[in-house]
Amino acid sequence: GQKFTELVPSNIAGTIPILGIQGSTGAADLRPERQREIETGIDATMLHNRLNFEGTVYEKRVTDLLLQETLAPTTGFSSLYFNGGSMRNRGIELSLSGVPVQTSKVTWRTTGTYSMSRCTILSLPVPAFRPATTINGATFGYTFIQPGASCTQIWGRDTLGAEAGDAKLGAIGTPIQRKLADDNPDFNASWINTLDYGPLHLNTLLDGQQGGVLVNITEYEYDASKTSPDYLVPRHPGDLTGQERQAAFAKSSRPYIQSVSYLKLREVSLTYDVPEAFAHRIWGGIRSARLEVSARNLFTITPYESTADPEANQIARSAAAGVPWDIWAYPPSRSYYLTIHLGM
């Protein structure tokens, strides 16, 4: 349906077979997008391998973007794909690992990572446009593809002079359409630690994100039905109540475009190496044994007010194709494991 116009089989009155043309028409000159990437970095090792640094920066440019044009109904078709425009993505990835403590009994290894990327539309052969989206973009917000701007910027309804979190938002200002947020996070970071003390090994993984947003339709549904826990009393001093969010939403998309910054304890584990002699005494065929207790998703700190995870997205796809949103997503599970490793 993109390069070739497809014929769809159907029939008239259930008996006469025909071939009809579907809504989209193909473009014979359509070609793949092209991308060029340049990357450079540095790896450094110091203090007899006890300190290691890795850094990478990159820039990727994509040309001949695949765009979709809405056609006039008089053409007999609804849309057409064509090539045009270019975009750029720049990013940086950093990693620092080391061994702060190393003795005959105790070893502590730690690694920190940091990454960020920025996407910009460089050119378009058509005026700036709003991609089609599953949710009602005119109500909850939409991505807006515009030369010189972020690929993942979110526009929506707002009022002049309004500030995020303003309880009087729905009653002030002139309605306008403008940029409200950006789906792309400012950065992602993680911190990994391993502590060895004799036969005991403790491992932890902290993971975090600063920035990024989700449209919280779950909270909107609670507010609209007047069943949200904070409909009359705010969760925290200075927060909007559900009633105030609904009043504000009459003029602005801001109340339900919410930050998904987070800090997670993704995984923690404690392992014990059973002495070989003891393991062999239990069963002669065992060469080694290890007991492990571990857990995942022990806690999450985030300003995002939802039963779901701040990393949820109702439809997994490119962020530029539509605003990420959450409605009745299932909460993340907290998992615990007891594992026995045997070496035969």
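Some observations on this one:
- Those residues of region 198-224 which are over 26 Å from Ala329 (Cβ atoms), at pLDDT 95 or above and surrounded by fewer than 16 Cβ atoms within 10 Å (Cβ to Cβ), in sequence order: Leu200, Leu202
- The number of residues in region 58-109 being under 30 Å from Asp196 (Cα atoms) and open to solvent by 50 Å² or more (accessible area, probe 1.4 Å) comes to 11.
- Restricting the first member to region 235-247 and to residues that are under 13 Å from Glu305 (Cα atoms), and the second to residues that are open to solvent by 60 Å² or more (accessible area, probe 1.4 Å) and not in a loop (DSSP other than H, G, I, E, B), the beta-carbon pairs closer than 7 Å and six or more apart or on different chains are Gly242/Tyr222.
- Checking each residue of region 163-177 against the condition of being over 25 Å from Asp29 (Cβ atoms), modelled with pLDDT under 90 and open to solvent by less than 30 Å² (accessible area, probe 1.4 Å) gives at least one match.
- When region 240-252 is limited to residues that are in contact with an Asp or Glu (Cβ under 7 Å, 6 or more places away or on another chain) and in a loop (DSSP other than H, G, I, E, B), the one that is farthest from Gly156 (Cα to Cα) turns out to be Thr241.
- Residue within region 116-131 that is over 25 Å from Leu71 (Cα atoms), at pLDDT below 90, open to solvent by less than 30 Å² (accessible area, probe 1.4 Å) and not polar (S, T, N, Q) present: no
- Filtered residue count, region 323-342, keeping only those that are touching a strand residue (DSSP E or B) at 6+ places or on another chain (Cβ under 9 Å), assigned to a loop (DSSP other than H, G, I, E, B) and open to solvent by 30 Å² or more (accessible area, probe 1.4 Å): 4
- Test: Leu265 is more than 27 Å from the chain's Cα centre (by Cα) and either among the hydrophobic types (A, V, I, L, M, F, W, C) or part of a loop (DSSP other than H, G, I, E, B) (or both): no
- Filter result for Ser150 (farther than 18 Å from Leu214 by Cβ, of a type in the set (Gly, Ala, Ser), open to solvent by less than 60 Å² (accessible area, probe 1.4 Å) and modelled with pLDDT of 80 or more): no
- Region 258-315: number of residues that are open to solvent by 30 Å² or more (accessible area, probe 1.4 Å), of a type in the set (Lys, Arg) and closer than 16 Å to Asp207 by Cα: 2
- Criterion applied to Thr120, Thr143, Thr152, Thr113 was being touching a strand residue (DSSP E or B) at 6+ places or on another chain (Cβ under 7 Å) and within 30 Å of Ala44 (Cα to Cα), and the one residue passing it is Thr113.
- The set of residues from region 78-108 being in contact with a strand residue (DSSP E or B) (Cβ under 7 Å, 6 or more places away or on another chain), farther than 30 Å from Tyr58 by Cα and without any contact (Cβ under 8 Å) to a residue 60 or more places away in the chain comprises Ser78, Ser79, Leu80, Pro100, Val101.
- Region 109-127 residues that are among the basic types (Lys, Arg), paired with ones that are assigned to a strand (DSSP E or B) and loosely packed, with under 15 Cβ neighbours inside 10 Å (beta carbon under 8 Å, 6 or more apart): Arg118/Arg90
The values are calculated or read from the model by the stated rules, or taken from the named source; none is laboratory data. Keep in mind that this is a model prediction, so the values were computed, not measured. Every residue, glycine as well, gets a Cβ built from its backbone with ideal geometry; the counts of neighbours run over all protein chains shown. For accessibility, only protein heavy atoms count, side chains too; no ligands or nucleic acids. Shrake-Rupley method; radii C 1.70, N 1.55, O 1.52, S 1.80 Å.
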